[in-house]
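The values are calculated or read from the model by the stated rules, or taken from the named source; none is laboratory data. All values reported here derive from a predicted model rather than from experimental measurement. We place every Cβ from the backbone using ideal geometry, glycine too, and count neighbours over all the protein chains shown. Only protein heavy atoms, including side chains, enter the accessible area calculation; ligands, DNA and RNA are left aside. Shrake-Rupley method; radii C 1.70, N 1.55, O 1.52, S 1.80 Å.
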Amino acid sequence: KNPFFSGLTAMEKKLAEYKCNTNEAIQLKLVRFSEDLEDDNTTFNPEYSHQVFGDDEVAFGYKGLKILLYYIAGNLSTLFRIEYTSKVNEKFDCVEADDVESKIREIIPPGFCTNTDDFVSLLEKEVNFKPFGMLLHTYSIHNEEAGEDITYQIYKADMTCPGFREYHERLQTFLMWFIETASFIDVDDERWNYFLVFEKYNKDGATLFATVGYMTVYNYYVYPDKTRPRVSQMLILPPFQGEGHGAQLLETVHRYYMSSPAVLDITAEDPSENYVKLRDFVLVKLCQDLLCFSPVKLMQGFSQEMVTEAQQKLKINKQHTRRVYEILRLRATNMGDAEQSRSYRLDVKRRLIGPYKKKQRELAKMRRCLRPEEMTNQLNQIDLNLQREQLEESFQQLVSDYRRVLERLAQA
């Protein structure tokens, strides 16, 4: 037995103890009261850290690593500290620990605190923090824990608001931890709009504001005199998720653009599955009372009238209007009735088969210019039975998504 190798594995074992999962090591807080600093219940962790720490989301070189990123709830002044119980040493271990600090410094703006006392003294000034921009909407949600209604407000801000640029720099750091493919935006481009959600809370008899989430929207120019706002980023901070703020924010933003004659319709950039579910709910809620979506008209199929009315009145584009139609038609359909159910299934599948049909048209073109032996290979890819199965699967998945939207609507 070669002693060198057994020595190596012991060394490897030792070094393995110095690996930390960065999603667990990073501890985030939104601090309202100084007691929150010591309270583990106010801590939350990232969903993702691969954009800062690489695909395996590991920091090497520390035992018991804690990366503390604490934010004051309103203006998001930041405390950044690194703690660990031990660290590898170049002299002894011949390896170097990852430079965790510089990786975090790359994404958080300068001007953060590094010790708790400075942070607490900033916390005392928080009473002066007020939301940026113009108030668009106020709503309240009953909170079981507190046993009372809590009030929230949505504001539209821009870079001309004093202090907003610096605040936004602190706010956007959360994207890195909660959006899988996040990127920071060019804030000098004036076509960005910013919508912010705040909670009002009381502290020593004063009313303060806490940051709940936000959305950025880019205004694309459409010839000759219109714009097409495109939702780019949307984040409700984890302590507030699942309370309905996303729907409030999206609906408020939609209503804001609806009132503008220059807006053609609203789209979204590369939407996540969760965003699509949220949008389905909000758009169906807005559309359900339009005359073109009456049960009688739904049963007659998707129409140009629906497209026109949804776009003119609610700034909804054709593709999204089609989904709204399918959801509302499902609600109006008795799926226990064989004829109604078959008619609904065919109607939705006819839309789903569009991309397959396109592929087949492309194949037909190829067929005219390819030699026969090259063709068989291409043809094997599209087996009709497989296509039928995939189509049925997509249909079933859609219907279950649609039913969830309708359940949420029934509770709204």
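Among the candidates Arg165, Arg170, the residue that is basic (Lys, Arg) and over 19 Å from the mean Cα position of the chain (by Cα) is uniquely Arg165. A Cβ distance below 7 Å, combined with a sequence gap of six or more or placement on separate chains, defines the contacts here; from the stretch 31-56, residues that are over 13 Å from Pro239 (Cα atoms) reach residues that are open to solvent by 50 Å² or more (accessible area, probe 1.4 Å) and part of a loop (DSSP other than H, G, I, E, B) in the pairs Tyr48/Glu180. Remark: pairs (first residue in the stretch 211-240, closer than 19 Å to Phe184 by Cα and at pLDDT 95 or above; second residue among the small types (Gly, Ala, Ser) and buried (at least 22 other Cβ atoms within 10 Å of the Cβ); Cβ separation under 6 Å; 6+ apart in sequence or on different chains) = Leu235/Gly213; Ile236/Gly213; Ile236/Gly246; Leu237/Gly213.
Which ones in the stretch 339-353 are farther than 16 Å from Ser400 by Cα and open to solvent by 80 Å² or more (accessible area, probe 1.4 Å)?
Those that are farther than 16 Å from Ser400 by Cα and open to solvent by 80 Å² or more (accessible area, probe 1.4 Å): Glu339, Arg342, Arg350, Arg351.
Among Val212, Val253, Val276, which is the only one that is part of a helix (DSSP H, G or I), at negative phi and crowded, with 21+ Cβ neighbours inside 10 Å? When all the criteria are applied, what remains is Val253. With respect to the stated conditions, Glu101 fails to be touching an Asp or Glu at 6+ places or on another chain (Cβ under 6 Å) and over 26 Å from Gly242 (Cβ atoms). Residues in the stretch 141-161 that are of a type outside the set (S, T, N, Q) and free of Cβ contacts under 8 Å to residues at least 24 places away in the same chain: His142, Glu144, Glu145, Ala146, Gly147, Glu148, Asp149.
Give the residue that is most open to solvent (accessible area, probe 1.4 Å), with candidates limited to residues of the stretch 128-142 that are in contact with a Lys or Arg (Cβ under 7 Å, 6 or more places away or on another chain) and of a type outside the set (Gly, Ala, Ser).
Among them, the one singled out is Met134.
Of the residues Val212, Val197, Val217, the single one that is touching a Gly at 6+ places or on another chain (Cβ under 6 Å) and within 16 Å of Leu250 (Cβ to Cβ) is Val197.
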